[in-house]
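Since the structure comes first, as structure tokens, the remarks are kept for the end.
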Amino acid sequence: MVELVKVSKIYPPDVVALENVSILIEKGEMVFLTGKSGAGKTTLLKLICGLEQPDQGLIEVAGKDLSRIRPKDMPYIRQKTGMAYQDFKLLPDQTVAQNIAMPMQVVFRSIRSIKNRVSELLEKLKLDGKHDTLACNLSRGEQQRVALARAVANLPPLILADEPTGNLDGATTRLVMELLEECNDAGSTIILATHDKSIYSNTAHRAVQIRDGYFVPTENN
Amino acid sequence: MTLLTVGLSVLIFSFFLLINTNIIKAGAKLGDDIRLILFLEKEPDPAMTALYRKKITDFTDVKEIRFISRDMAYKKLADQLGNDSDVLADMGSDFLPPSIEVYPNIDLKGLSEIKLFSEYLEKLSGVVKVQYGQEWIERFHYFTELLRVIIILSGGLLVLTTIFMVSYTIKLSVVARQAELKILRLIGATNSYISTPFLVEGFLQGLIGAAIGLTSLYFLFDWIKKNFNNPGLFNFFEFSYIPTSTTLLILAVSVILCTGGSIAAMRKYLRI
Ligand SMILES: Nc1ncnc2c1ncn2[C@@H]1O[C@H](COP(=O)(O)OP(=O)(O)OP(=O)(O)O)[C@@H](O)[C@H]1O
Ligand SMILES: [Mg+2]
């Protein structure tokens, strides 16, 4: 589903965020991307969703070389990739429901199915009462869940979650993980960047660690 | 604001167009009456008559050429005088010069030609004087020319203001929605998804703006008709509104301009 071959990313002037990184993630996999702060996790996810371009190397998503995709076709790639950003990127002056509905409107889903999906997601993430709250009035933990809800709304083939549990307590973290597991069961490939050892130490899923811009083997369990 | 500007420029443009329509209509009516009278030195013999006829038709197409002999001129005058015709009694029937009445077959566009035509006729041998409504024809001619210039100018104004105002409005809303548009792109909104609302905005501005302009023109027209169509001044013809086809054309052009303006603005500010 996602393949990186010798990818390097250097932010100007000379910040080496990723160096010679290669990884293959199969369709239907759920992969935890770990590493200390500044290791390059966010950078890797941004490269995969096409928000940043690599300076070197090849990135293939769903069999397509991202560097060869015409700007015109980029929207269709993005529709198939749901990303929950570390900084959320919500629209502050729109309601929770409107924020979650956006990716579904973009692909012209029916109003009824959008409505149903929004309520379903709000319920699963314990945000029931926040349907009409403006995003700017939410706590960070709530914003984080809205960002995740928006990323998974369409149940896209590829879900990228950047620190989806960073601001959450244990119980809420479990809700988020349940939702992601559910998406994974439904067929989505998931890449999840996190510091939180508790969410990957007890799973059968793969965990990889980035250190100083390249992968090192991770001890699972 | 944009609507008002578009509406106003449509109003200005179509107002002059309305005047033009009516002037042309009036002119066509008056044009039917245009005739040139050639006063001759002496009664032309048949050969001369044929020659005159040939010379005249050589220059331009005419509806009719009527030769008026001294006798006929006298009779005509007597007819016109009616009961007072006795005043002519002592004068003999030959004091009026023979003449040729020429009814040129030209519309108002050819007004400037009338002058040339009369100059040409004046040079024919045996012609003493050529008479036609010089004064008003020339004034009328200048007036229609002026009107044409005004229409072109106000048309240009219409084009400029609509395109400028619409693209300015679109620019403002693009800037205002910058953050939203960025996120829309991130979640995979296609160009057409992003640009459709702006296109619709431009389209509606053109449509509603032109509708406002044309509606105000209609009311203005109605008001003018009620207040100025009193007998004596304009009663020789009916005011008429600009034809429906022209109205529709203005509407269509306005819509096209506004949509075009928003497309141009999007090219520039959305890089679509
Ligand atoms: N836009 C940018 N311009 C310059 N340097 C950047 C930019 N984005 C990230 N970096 C640098 O690249 C390195 C990797 O950053 P990245 O955000 O990928 O780390 P991370 O693993 O996501 O960290 P965290 O766990 O804190 O989120 C860091 O040193 C960061 O300072
Ligand atoms: Mg990060």
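Taking DSSP loops as anything outside H, G, I, E and B, show the longest stretch in chain B free of GluC sites (Glu not before Pro) there with at most 13 other beta carbons within 10 Å. Don't skip to the answer; put the middle values down first.
Details: sites that count: B:Glu41, B:Glu238.
Excluding the exposed sites themselves, the longest stretch runs over B:42-237.
Among bridges DSSP assigns within the protein assembly as shown, what percent are antiparallel (round to 5)?
Values: 32 of 49 bridges.
Antiparallel bridges: around 65 percent, rounded to the nearest 5.
Give me B:Ser195, B:Ser262, B:Ser240 ranked fewest to most by other Cβ atoms within 10 Å of their Cβ, as a rough exposure proxy.
B:Ser240, B:Ser195, B:Ser262
Quick check: Cα centre of region A:67-144 to Cα centre of region A:12-37, how many Å?
Between the Cα centres of region A:67-144 and region A:12-37 lies a distance of 25 Å.
Based only on other Cβ atoms within 10 Å, what is the fewest-to-most ordering of A:Val31, A:Val61, B:Val159? Don't skip to the answer; put the middle values down first.
On the way: A:Val31 20, A:Val61 23, B:Val159 17.
Fewest-to-most Cβ neighbours within 10 Å comes out as B:Val159, A:Val31, A:Val61.
Stokes-Einstein D for chain A at 20 °C, 1.002 mPa s, Kirkwood Rh over Cα pairs, in µm²/s? Walk me through the intermediate numbers first.
Values: Rh = 17.7 Å.
The estimated diffusion coefficient comes to 121 µm²/s.
Express the relative contact order of chain B as a whole percentage, based on alpha carbon pairs under 8 Å and six or more residues apart in sequence.
On the way: 300 pairs, mean separation 89.8, N = 272.
Averaging sequence separation for qualifying contacts and normalising by length gives 33 percent for chain B.
Relative contact order, percent, of chain A when contacts are C-alpha pairs under 8 Å separated by at least 6 residues? Each step should come with its number before you reach the end.
Working: 406 pairs, mean separation 64.5, N = 221.
Relative contact order for chain A comes out at 29 percent.
Could you work out the Kirkwood radius for chain B, taking every pair of different alpha carbons, averaging 1/r and inverting it, reported in Å? If you can, show how the numbers build up before the last one.
Working: mean 1/r = 0.0424 Å⁻¹.
Roughly 23.6 Å, rounded to one decimal.
Which whole number gives the average count of other chain Cβ atoms within 10 Å of the Cβ atoms across peptide B:188-199?
Numbers: counts 16, 8, 9, 4, 1, 5, 2, 0, 0, 0, 0, 0.
Other-chain Cβ atoms within 10 Å of each residue's Cβ, averaged: 4.
Sorted from fewest to most neighbouring beta carbons within 10 Å, what does the list A:Cys49, A:Cys136, B:Cys258 look like?
Values: A:Cys49 21, A:Cys136 11, B:Cys258 30.
Taking fewest neighbouring Cβ atoms as first place, the list is A:Cys136, A:Cys49, B:Cys258.
In the P(r) worked out for the protein assembly as shown, what percent of Cα pairs fall beyond 45 Å?
The share of Cα pairs beyond 45 Å in the protein assembly as shown comes to 48 percent.
Go ahead and estimate [θ] at 222 nm for chain A from helices alone: -39,500 (n - 2.57) per DSSP H run with n ≥ 4, summed, over the residue count, rounded to 500.
Details: 7 runs with 72 residues, N = 221.
So the helix-based figure for chain A works out to -9500 deg cm²/dmol.
Bear in mind these aren't lab numbers, they're just calculated from the coordinates by the rules spelled out. Note that the structure is a prediction, hence the values are computed from the model and not measured. With ideal geometry, Cβ positions are generated from the backbone for all residues, glycine too; neighbour counts draw on all protein chains shown.
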